[in-house]
Structure formats: C-alpha cells, structure tokens
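J.: Questions regarding the structure given below will be posed in turn.
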Amino acid sequence: MKKNVLILSGSPRKGGNSDLLCDQFLKGAQESGNQVEKIFLRSKKAAPCNACYYCKNGGQCAIKDDMAEILDKMQAADVIVMASPVYFYSIDAQMKAVIDRSVARWTNIPNKEFYYIMTAAEDSADVMDCTLECFRGFARCLNGSKEMGVIYGKGVYEAGAIQGMPAMREAYEMGRQV
Ligand SMILES: Cc1cc2nc3c(=O)[nH]c(=O)nc-3n(C[C@H](O)[C@H](O)[C@H](O)COP(=O)(O)O)c2cc1C
C-alpha cells in the first residue's frame, strides 16, 4: 500500500550527516512507490512553545509561523521520520521546538508509524539513548504510535562523514520497506 511519508530533518546542517541519511530514506521510500516529503526544519520558522495555552480553544497556536503547515503535514502522514543529531546527549533545538509546538494538536496525530534517525560524533550507540528517548517520549504521548525502525549514524563529526558508511545503506533499505 502506498503511504504518505513525512521526513522531519532536524539538523541545522543541510547536507549534514542526518540530513544525508534522511535523503537515503527518502530515496528508498520513493523508489518503492510512496509519497514522500522531507522538511528541512532549519528552513522553516518554528519558535519555541510559550505555554500560553491559546491552543486550548480549537488547536490554533498564538504564534503565527510555519508550525501550522508542519502540523498539517504530520496529521496527514501515515509515516513520520524524525531525524536529529545528538546534541549534548539530547535532540537539537529545531526538533525540540517542533515537538513542543505539537501541543496545539497532539491529540490529532494518532496512529502514526515512526522511524528515528540519529547521528553523533562518538562511535557508540549508547550515546544516542537520551536522543532516542526524546523521540520515543513524543511518540508515547500520541495514540496508537508504532515504532518501526531506528538508524544509528555513529562516529561521524564533520558534515558528510556518513558517506559510504553502512548506515547510509540501512537508511535506504528502511525507506524501501516503509
Ligand atoms: C551543539 C552540539 C552538541 C553536540 N553534542 C554531541 C554529543 O553530546 N555527543 C556526540 O557524540 N556528538 C555531539 N555533537 C556532534 C554531532 O552530533 C555530530 O557532528 C553529528 O554528526 C551532527 O549531525 P549532522 O551532520 O546531521 O548535523 C554535537 C555537535 C554540536 C554542534
């Protein structure tokens, strides 16, 4: 069945390691006939949540930026791919803003299949535990979320260092099997 796949590429580095893994996932998912869109979060405006709870009345956020469009696409997706570099053992600010701003409509993002992509300078999957928990915590808040796969891009510091590494193939194959 053809799926609607939304990739949220959280790194501020376009062409950085997690963004390259997103592109591999995208390529695989497109080649197997799915409808795929990647949003490079840094190119969008998504301010942090102000916790004003204006959204309590109908799910509209008081902050007028690109977040409404991102939430529309999250709601419409069957599959959501979330990608972030490890930043001080957590996710980066771009991804965190999107997660927090989803408070406006988080009850309306049910039954999504989730994939997670992470990159880190250190060459160990353990350093990604906290980053992964950030993604999982978000998905846990949404009804009917299913975790489908995780890509660990470890041991990569400079942008592009992931080229030629097994994670690139893994991301492509994961995309193909969406
Ligand atoms: C602010 C900042 C914090 C970072 N914190 C960590 C860290 O805690 N552990 C780690 O292994 N790498 C850390 N890194 C390195 C990045 O995770 C690594 O360069 C990664 O490949 C970046 O992915 P990207 O190319 O997709 O942006 C940090 C980099 C930055 C800029």
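J.: Any number yet on Rg/Rh for the chain, C-alpha, Kirkwood?
T.: 0.95
J.: Sort 159-168, 77-86, 121-130 for me by packing, meaning the mean count of neighbouring Cβ atoms within 10 Å per residue, highest on top. Intermediate values should be presented prior to the final figure.
T.: On the way: 159-168: 15.8, 77-86: 24.4, 121-130: 13.9.
The peptides rank, most packed first, as 77-86, 159-168, 121-130.
J.: Round to the nearest 10 and give me the degree value, 0 to 90, for the angle of helix 67-76's Cα axis relative to the longest principal axis of the chain.
T.: Once rounded, one gets 70 degrees.
J.: Pairs of Cα atoms under 8 Å, at least six residues apart: use those to get the relative contact order of the chain, whole percent. Walk me through the numbers before you get to the answer.
T.: Details: 364 pairs, mean separation 55.9, N = 178.
After rounding, I find 31 percent.
J.: I've got another one for you. Round to the nearest 10 and give me the degree value, 0 to 90, for the angle of helix 129-141's Cα axis relative to the longest principal axis of the chain.
T.: The answer is roughly 40 degrees.
J.: Cut-off under 21 Å on the C-alpha distance; same-chain residues fewer than 8 positions from Lys3 excluded. Which lysines are left, in chain and number order?
T.: Candidates past the 8-residue exclusion: Lys27, Lys38, Lys73, Lys112, Lys146.
J.: Using only DSSP helix segments of four residues or longer, with each worth -39500 (n - 2.57), what per-residue ellipticity at 222 nm results for the chain after dividing by its residue count and rounding to 500?
T.: Values: 5 runs with 58 residues, N = 178.
Mean residue ellipticity at 222 nm (helix-derived): -10000 deg cm²/dmol.
J.: Counting only C-alpha contacts under 8 Å and six or more residues apart, can you give the relative contact order of region 1-104 as a whole percent? Could the numbers behind the result be given before it?
T.: Numbers: 153 pairs, mean separation 42.3, N = 104.
Result for region 1-104 is 41 percent.
J.: Here's another thing I want to ask about it. For Cys141 and Tyr54, FRET efficiency with R0 = 30 Å and r from the beta-carbon atoms, rounded to 0.05?
T.: Working from the Cβ atoms, E equals 0.95.
J.: If you don't mind, another one. How high is the FRET efficiency from Gln177 to Thr107, r the C-beta distance, R0 30 Å, rounded to 0.05?
T.: The pair Gln177/Thr107 has a calculated efficiency of 0.55.
J.: Between Ala47 and Asn4, what is the label-to-label distance in nm when each label sits 7 Å out along the Cα-to-Cβ direction?
T.: Distance between the two pseudo-spin positions: 2.8 nm.
J.: Another question, then. If one takes the longest principal axis of the Cα atoms in the chain, at what angle in degrees, from 0 to 90 and to the nearest 10, does the Cα axis of helix 166-176 lie?
T.: It works out to around 50 degrees.
None of the figures in this text is laboratory data; all of them are computed from the coordinates on show. Computed from a prediction, not measured in an experiment: that's the story for all the values here. Note: ideal-geometry Cβ built from the backbone for every residue, glycine included; neighbour counts use all protein chains shown.
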